[in-house]
Every structure is written in structure tokens, then in C-alpha cells.
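Only one structure is covered here, and it is reproduced in the block below.
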Amino acid sequence: MPRDGYLYTREVHGLEPGARARVRGWVYRYRDLGSKVFIVLRDPEGILQLVASAEYSPREVLEEARRADIEASIVAEGVVARDPRAPGGVELRLEKLRVVGESRDFPIKGGEGIDYLLDNRHLWIRSRKLTQVWRIRHTVLRAFREYFESRGFWEVSPPILTQAAVEGGATLFKVDFFGDVAYLSQSAQLYLEALIFSLERVWALSPSFRAERSRTRRHLYEYWHLEAEEAWAHMEDEMRTVEELVAYATKRVLDERLEELEQLRQKPERLEPAKKTPYPRITYEEAIERLRKKGFDISYGDDLGADEERALGEDYETPFFITHFPLRIKAFYMKEDPQDPEKALAFDLLVPGVGEIVGGSEREDDYEKLVQHIKMHNLDPRDYEWYLDLRRYGSVPHSGFGLGVERYIMWIAGLDHIRDAIPFPRFRDRLYP
Ligand code: NSS
């Protein structure tokens, strides 16, 4: 038998009445009725009711059961029985029970406020809701890796300590680097660009850091960034990579994590349409027109904020692209559209309810234009010397993108707030736990 003879709660639910089983885990619920003690055991796979009763359990098992407080760790052995009142209709009638780690007065009892729960995040992450999210997150990360592997991308490892901004100076975290200033990476993009000259198609999953000015339900200060870069790829090619990746991961979650979605009260029908590509595409210009028709006071050249993105999302039930943003509201590295030099060959992928989950573009591969754009963004070309070398030595058309892993998980799992897509979110006023 696997796991030293211990079964997961899920496996016990599949056994016939009368079968014997050993289980282990943590006390999720507890009720003492005197001659009977009910314990709901929680393990990574689910929950199972255990019953110690004067009727069929040895006396010391009943006594031990009284020590099994909420969140104590226990090992138990007994006989499977059906009982319609038990969760899942199955219970284990105990013959053996041992409290391995006591738990006196577990600090989370239900009904606490968000600040208290965040202070106790290390304990709160045991909750059933968050456990479902970690399980979905695992499948998502594996699906991303599978997708890139199947498409012949090389996985690479970029640095986190960097010396220049990728996405604008306003959100840079400074680090003291032996007396010099260094920054925590906002994006691995520039390093991935350097790596395509030998590997052509690369991807990386790494932490990105943004000192965001405002607190919102979709911004983290530290998040996981899935980024890819492809030599010889133009904007349209890259958009196909993005939609295939998102469709693949979504399909994987629907194939493997239906129970978790159900636990999170998410209807799979909401996600089904995203399995099919291509996703709809509109230009930035069309998006502005549409928003004006919806009553927004917005004009060409304005950034799309959370409200605007939400309003656009109302028209779709799948992820959708917005393309061809004005060059000056986008990052310095984006390629200028040869049809219209005011525009960038840039795209965002948005999902209904959450907004932007991917930002990508074709990259400016012309040395002179790149220098000009760096200056236009009030950056100093001297800070980008090594990056400019990539345009001096064998420059090649190329494109890439970055996907915010927690934004994607927020959408897939139907979370109200991005903090619940990551076990230990970092906050401005709280680096604890
Ligand atoms: O700033 S991005 O839009 N684009 C880049 O960083 C590119 N340099 C990526 C690339 O082409 N290699 O960020 C990409 C995505 C964005 O769409 C969000 O999904 C996510 O990263 N993102 C965030 N997630 C959580 N919290 C914060 N603060 C955040 N900022 C961006």
C-alpha cells in the first residue's frame, strides 16, 4: 500500500462498508456528544468523518479523541461505514487514534476580519478554500511548462537583481548593492531578448516586483511572471502563442480540477469558451470608441484603467486582445507600426472580470529607432548599452509577452482579490508572515 499504509480521505470514500482503513491529517471539525466524538479529518485530498463511540471504540480512543482539538494532527484507524449524515456519506468508526501534534486554541475560529487573517496567513493558508487555489495553481504552472515544452521553447533563468527599468521608473524597488543602486526585476524581458540570439525561443517563470502606488484588488508588489520571447516572430505570431497557451492551461484546469472549481463555487461553463481559439481582437482605437459609446469620458491617448477594462470585458465571454496602442503610452522597447508610426505593435490580453492578464509586443529591432524611443520615454540610452548591443550584432525581428500568473489564477478560480492567488502576498505595511 502507498504512503506507509495510510490512505487519503478521498480513497476511503471509495471503499466498501466494513473495509479497514488508516488515515492521517488534521482536525477540521470537532463535536463531543459525550458517548460519541465526531472528528472531521482534513488532508490534501478532502475531508472524512471519524467517529469514536463508546459502542465500538476502546475507551482510550474516546479519551484520545477528546484531545483532538481543531487543527491537531492525528493518525487513526477504523472500519468504514455508510452514514448519510457524514460529509460524502461515509465515516470511519475508530479503533485506534493518536494525537501526533496538539493544537490548543487555534487562532482562526471563523468570522475574523481580513487584517487578522493576513497576520495569520501562515495558518489561514490551511483553509479549504485556499487549498483548492493551491491545487489549481499547481495544475496551471504545470500546464504552462507543458505547453512551452511541446512547442520547443527553452526554459531559462533570468536574474532578479538588475540595473535598469523595463516598465518605467515609477514602480522600481531599489536595493542597496554594495553601495550602488540596484533594482528588483520588473520583468525578465530584456534578458530573455538576449537569450533568443542563441536559443531562438525561450521562456521563464520568475518573480517580478512592482512598487505600485495604489492598492487594488489586482495588483501585488511581488508576483510571478511567466514570460516568453521568440526570434523571427511578429506580433500576430506572438498573439497566437499567447492564446494557445491560455487555452491549453484553461483546458488542463477543466480536465483536472473540476472538484476544486466546484468547491470554489465556480461553474465550469464560465471557462469552457476559453478553450477555443482564436480569441477576439479589437484595436485600441476601437476600444476607445466603444468606451465612449458606453458613456466613458475617455479620449485617444488615455490609458485604459480597471473600470474601462471591466466595461470592455462585459462584451466578451472569452479572453480578448486589444492591439495597436499609441506608442507614447507604452514601453520604450515596443516596435513602431510601419503602417502608422504613432502606434506600437503591442497587444494586451484581457479576461472578463479581471482585465489585463498579458502584455506583449513586437520589439523595436532597429538601433536608431530604439535609441529615439528610449529618449522619448525620458530614459538614458547609456543605461541600456548592453541592450542596444542586441541591435548592433545580428538584430532580428522578435516578439514576446509577459503573463501575470496570479491574474490568470484570479480569473480561473473566480477570486475577488489577487492576494488569494498566492500563498504569501507581500503588502506595503506588512512583510509578515
Ligand atoms: O508590465 S506588463 O504589462 N509587461 C511587461 O512587464 C513585459 N516586459 C512583459 C514581457 O513582454 N516580457 O506586465 C505583464 C503582466 C501584466 O499583464 C499583468 O498580468 C502582470 O504582468 N502584472 C502584475 N500582476 C500582479 N501585480 C502587479 N503589480 C502586476 N503588474 C503587472
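The values are calculated or read from the model by the stated rules, or taken from the named source; none is laboratory data. Keep in mind the model is a prediction, meaning the values are calculated, not measured. Glycine also receives a Cβ, built like all others from the backbone with ideal geometry; neighbour counts cover every protein chain displayed. Heavy atoms of the whole protein, side chains included, go into the accessibility calculation; ligands, DNA and RNA do not. Shrake-Rupley method; radii C 1.70, N 1.55, O 1.52, S 1.80 Å.
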### Query
Tell me, what is the per residue accessible area of the chain in Å², probe radius 1.4 Å?
48
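Given the -39500 (n - 2.57) contribution per DSSP H run of 4+ residues, what per-residue ellipticity at 222 nm results for the chain, rounded to the nearest 500 deg cm²/dmol? Walk me through the numbers on the way to the answer.
Numbers: 13 runs with 129 residues, N = 433.
So the calculated ellipticity at 222 nm is -8500 deg cm²/dmol.
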### Task
Arrange the peptides 340-346, 232-238, 358-364 so that the one whose residues have, on average, the most other Cβ atoms within 10 Å appears first.
358-364, 340-346, 232-238
### Query
So what's the chain giving for Rg/Rh, alpha carbon basis, Kirkwood Rh from the mean inverse pair distance?
1.07
#### Entry: Solvent accessible area, Å² - LYS330, 1.4 Å probe, full protein context
40
### Task
Please express the shape of the stretch 318-433 as an equivalent ellipsoid: the semi-axes are the square roots of 5 times the eigenvalues of the C-alpha gyration tensor, given largest first in whole angstrom.
32, 19, 12
### Query
Of the peptides 417-429, 244-256, how do they stack up when ordered by the mean number of other Cβ atoms within 10 Å, highest first?
244-256, 417-429
### Message
Once the convex hull of the alpha carbons of the stretch 295-371 is built, what does its volume come to per residue, in cubic angstrom?
### Response
96
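So, by mean Cβ neighbours within 10 angstrom, what's the order for 401-409, 261-269 with the highest one leading? Walk me through the intermediate numbers first.
Values: 401-409: 23.9, 261-269: 14.0.
Highest to lowest by the protection proxy: 401-409, 261-269.
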### Task
Read phi for every residue in the stretch 142-147 and hand back ³J(HN,Hα) as whole Hz from Karplus 6.51 cos²θ - 1.76 cosθ + 1.60, θ = phi - 60°, with x for Gly and Pro.
5, 5, 4, 5, 4, 4
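Can you sort GLU385, GLU336, GLU91 by 1.4 Å-probe accessible area, starting with the largest?
Values: GLU385 85, GLU336 30, GLU91 5 Å².
Sorted by accessible area, descending: GLU385, GLU336, GLU91.
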### Query
What per residue convex hull volume, in Å³, do the alpha-carbon atoms of the stretch 230-350 yield?
126
### Rg/Rh ratio calculated on Cα atoms of the stretch 69-204 (Kirkwood radius)
1.17
### Anchor LYS109: aspartates and glutamates whose Cα lies under 16 Å away (excluding residues fewer than 8 positions away in-chain)
ASP69, GLU71, ASP119
### Message
With every atom except the alpha carbons ignored, what do you get for Rg and Dmax of the stretch 379-425, in angstroms?
### Response
18.3, 47
#### Entry: Under the Karplus curve 6.51 cos²θ - 1.76 cosθ + 1.60, θ = phi - 60°, whole-Hz ³J(HN,Hα) for the stretch 156-173, x wherever Gly or Pro sits
10, 10, x, x, 9, 7, 9, 10, 8, 6, 10, 10, x, x, 4, 10, 7, 8
### Message
Between 0 and 90 degrees, rounded to the nearest ten: what's the tilt of helix 189-199 against the longest Cα principal axis of the chain?
### Response
80
## Note on the structure
Sorted by chain and number, the residues with a modelled amide H under 5 Å from that of TRP154, at a separation of 5 or more or across chains, are ARG201, VAL202, TRP203
#### Entry: FRET efficiency, 1/(1 + (r/R0)^6) with R0 45 Å, evaluated for ARG382 and LEU258 via beta carbons
0.25
### Under the Karplus curve 6.51 cos²θ - 1.76 cosθ + 1.60, θ = phi - 60°, whole-Hz ³J(HN,Hα) for the stretch 100-113, x wherever Gly or Pro sits
8, x, 5, 9, 9, 6, 3, x, 9, 10, x, x, 6, x
### Query
Pick from GLY355, GLY18, GLY46: which is most flexible by mean-square fluctuation in a GNM of the chain where alpha carbon atoms under 10 Å apart are linked?
GLY18
### Rounded D (µm²/s) - the stretch 9-101, Kirkwood Rh over Cα pairs, Stokes-Einstein at 37 °C, 0.692 mPa s
261
### Message
Running a GNM on the chain with Cα contacts under 10 Å, which residue among GLU286, GLU167, GLU55 ends up with the highest mean-square fluctuation?
### Response
GLU55
### Query
What residues have an amide H closer than 5 Å to that of GLU71, excluding those fewer than 5 places away on the same chain, when H is modeled at 1.01 Å from N in the peptide plane?
VAL27, TYR28
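Only bridges whose two residues both fall in the stretch 264-354 count here: according to DSSP, what percent of them are antiparallel, nearest 5? Provide the component values of the computation, followed by the final result.
On the way: 7 of 10 bridges.
Close to 70 percent.
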